[in-house]
Amino acid sequence: MNVYFHTFGCKANQYDTERVRQAFDASGATVVDDPAFADLAVINSCTVTNESEVKLRRLVRHVANSGHAQTIVMGCAAALDSGAIAALPSVRAVVANAEPDTVLRAAGFAGSVEVACCAPTCGCPLPRSPQDPGRLRRALHLLRDDTRARQQSLATRG
């Protein structure tokens, strides 16, 4: 399966997309740079501005018109979707989070993919790397914690 990825938004979204990309790669999917060559497009959405939601809808329509790919929308906008995203052309699934296993299941992959954690107790999906002295892992852990706090704040406002 050829999979195209696109990310709207912050570094947290970029990190989440990379986690999902690794899971698809581990499942045997091929990442492509053009949605016209994709069987599936995975779009990580953002709700920070109205413009980002407009861009999301525009990209979903572009994917539908440029080939035969179905689309999975994940992330912030997906979590708040009342059905408008799901009604867009070629949308296969709207996933309210960016958990790799959930997105894989939405794409039709059975089972789950284990991605090695960088530290035995943290639970993050970042692979251990001898080239990384730990700064990147610490930065990503802080980013992950900040993202969770923002998501909880948004949930309590809504």
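The values are calculated or read from the model by the stated rules, or taken from the named source; none is laboratory data. None of the values given here were measured: they were computed from a predicted structure. With ideal geometry, Cβ positions are generated from the backbone for all residues, glycine too; neighbour counts draw on all protein chains shown.
Here are the numbers for this structure:
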quantity: Identity of the residue in the stretch 87-109, without any contact (Cβ under 8 Å) to a residue 12 or more places away in the chain and part of a loop (DSSP other than H, G, I, E, B), that ends up nearest to V31 (Cα to Cα); calculated: G108
quantity: Selection within the stretch 1-34 - touching a Cys at 6+ places or on another chain (Cβ under 8 Å) and either among the small types (G, A, S) or not assigned by TED's automatic domain parsing to the domain that holds T49 (or both); calculated: G9
quantity: Those residues of the stretch 43-79 which are assigned to a loop (DSSP other than H, G, I, E, B) and either more than 14 Å from T17 (Cβ to Cβ) or acidic (D, E) (or both), in sequence order; calculated: T47, V48, T49, G67, H68, A69
quantity: Selected residue [buried (at least 19 other Cβ atoms within 10 Å of the Cβ) and closer than 30 Å to T156 by Cβ] from E53, E99; calculated: E53
quantity: Subset of the stretch 73-92 [at pLDDT below 90 and charged (D, E, K, R)]; calculated: D81
quantity: Matching residues, the stretch 15-33, being touching a strand residue (DSSP E or B) at 6+ places or on another chain (Cβ under 9 Å), under 26 Å from V54 (Cα atoms) and in contact (Cβ under 8 Å) with a residue 24 or more places away in the chain; calculated: D16, T17, V20, V31, V32, D33
quantity: Residue tally, condition of a type in the set (S, T, Y) and in a helix (DSSP H, G or I), over the stretch 1-33; calculated: 2
quantity: Residue in the stretch 34-42 that is in contact with a strand residue (DSSP E or B) (Cβ under 9 Å, 6 or more places away or on another chain), surrounded by fewer than 14 Cβ atoms within 10 Å (Cβ to Cβ), of a type in the set (D, E) and not in a helix (DSSP H, G or I) present; calculated: yes
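So that you can scan it fast, the table gives a plain yes or no per residue for (1) under 15 Å from the mean Cα position of the chain (by Cα); (2) over 22 Å from T49 (Cβ atoms); (3) surrounded by fewer than 22 Cβ atoms within 10 Å (Cβ to Cβ); (4) among the hydroxyl-bearing types (S, T, Y):
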residue	(1), (2), (3), (4)
A64	no, yes, yes, no
T71	yes, no, no, yes
A77	yes, no, no, no
R92	yes, yes, yes, no
F109	no, yes, yes, no
